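Encoded as structure tokens, the structure appears first; notes follow it.
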């Protein structure tokens, strides 16, 4: 070994030692501890996963099996602690292997407290799982249940694709185009997010939808002076009044029908058959209606000639 190579090795070793010393003085991140485990089977896997998360984040503190086991056992209570207490109280010669190494403890723990029918339960839930919200939420639920199944990629692809919304399926097209499950999930989430943005953006309405909206608005539009149209009714023009007397409409409404005796009296005294005044005849009466009561006036004029009767005394 030359002197130059030896110097390089020494410098590399010193740099490595310095890096380790710097890392040892660096504070480990704070991680929340899992809540104590009392023996509930549905929480056993979550408890172990959270313990291992603490071990990963604080690797200098929990650097061997003894520290990991001490941390985990300290979080056991009630039924779970009663399960491990006999093994802890046993002599060194009689202590089981699963209280000496972390991997052995984890395997024994899950054998004792995990759900016996967890595979069947996960299978049933995946069969019934459908996307009702976002694709990311659906994917998280699918991944959680698929971890308990020993399926290969093909059935996982088919079941995941089957539970997607129809509009997302139309974009993904086929699950067989993806080798792994993760790319299929990422593709479905991408299209689901894009479709959501299109639904939220009013500028992305289809042209046909906009034309339909315009046609509906146009059909319902009415000018302000035609907004309410009533059926056209025949109206009589208001006749011009003469003098200070009441208008013909008013006279007619006040006069009402006259008796045959009154008609004969007006003829005998040469009075107007309409208003009963002297000095003019029916055709020249300024108070009679000009149009709307023409028929009734003509009926008044057409009276058979009968001898006049004297009014009763």
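Worth a mention:
Quick grid of which residues meet (1) touching a helix residue (DSSP H, G or I) at 6+ places or on another chain (Cβ under 6 Å); (2) over 28 Å from residue 141 (Cα atoms); (3) loosely packed, with under 15 Cβ neighbours inside 10 Å:
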position: 77; (1), (2), (3): no, yes, yes
position: 80; (1), (2), (3): no, no, no
position: 93; (1), (2), (3): no, yes, yes
position: 98; (1), (2), (3): yes, yes, no
position: 127; (1), (2), (3): no, no, yes
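- In this structure, residue 152 does satisfy being within 25 Å of residue 114 (Cα to Cα) and surrounded by fewer than 19 Cβ atoms within 10 Å (Cβ to Cβ).
- Index of the failed condition, residue 42 passing every other in (1) within 30 Å of residue 156 (Cβ to Cβ); (2) at pLDDT 90 or above: (2)
- Pick from the stretch 129-142, criterion surrounded by fewer than 17 Cβ atoms within 10 Å (Cβ to Cβ) and either in contact (Cβ under 8 Å) with a residue 40 or more places away in the chain or over 36 Å from the mean Cα position of the chain (by Cα) (or both), ranking: farthest from residue 75 (Cα to Cα): 134
- Flag if residue 84 is crowded, with 17+ Cβ neighbours inside 10 Å and either under 35 Å from the mean Cα position of the chain (by Cα) or under 30 Å from residue 187 (Cβ atoms) (or both): no
- If you go through the stretch 273-289 and keep only what is out of contact with any helix residue (DSSP H, G or I) (no Cβ under 7 Å at 6 or more places or on another chain) and touching a residue at least 24 places away in the same chain (Cβ under 8 Å), you end up with just 286.
- Selection count, the stretch 42-67, where residues are in a helix (DSSP H, G or I) and within 47 Å of the chain's Cα centre (by Cα): 16
- Considering the stretch 164-186, the residues that are modelled with pLDDT of 85 or more and assigned to a loop (DSSP other than H, G, I, E, B) include one that is surrounded by the fewest Cβ atoms within 10 Å (Cβ to Cβ), namely 165.
- Residue, modelled with the lowest pLDDT, within the stretch 138-163, restricted to residues that are assigned to a loop (DSSP other than H, G, I, E, B) and in contact with a helix residue (DSSP H, G or I) (Cβ under 6 Å, 6 or more places away or on another chain): 148
Residue-by-condition table, conditions (1) modelled with pLDDT under 90; (2) out of contact with any strand residue (DSSP E or B) (no Cβ under 6 Å at 6 or more places or on another chain); (3) closer than 30 Å to residue 153 by Cβ:
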position: 54; (1), (2), (3): no, yes, no
position: 63; (1), (2), (3): yes, yes, no
position: 71; (1), (2), (3): no, yes, no
position: 83; (1), (2), (3): no, yes, no
position: 112; (1), (2), (3): yes, yes, no
position: 123; (1), (2), (3): yes, yes, yes
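- Looking at 156, 164, just one residue is farther than 29 Å from residue 56 by Cβ and outside the structural domain of residue 42 (by TED's automatic domain parsing), and that residue is 164.
- Residue match in the stretch 107-124 (condition: over 23 Å from residue 39 (Cα atoms), in the same structural domain as residue 189 (by TED's automatic domain parsing) and either in a helix (DSSP H, G or I) or in contact (Cβ under 8 Å) with a residue 24 or more places away in the chain (or both)): yes
- Any hit, the stretch 11-22, residues being modelled with pLDDT under 90, in a loop (DSSP other than H, G, I, E, B) and either assigned by TED's automatic domain parsing to the domain that holds residue 147 or more than 25 Å from residue 118 (Cα to Cα) (or both): no
The values are calculated or read from the model by the stated rules, or taken from the named source; none is laboratory data. All values derive from a computational prediction rather than experimental measurement. Positions of Cβ are generated from backbone atoms using ideal geometry, with glycine treated the same way; all protein chains shown enter the neighbour counts.
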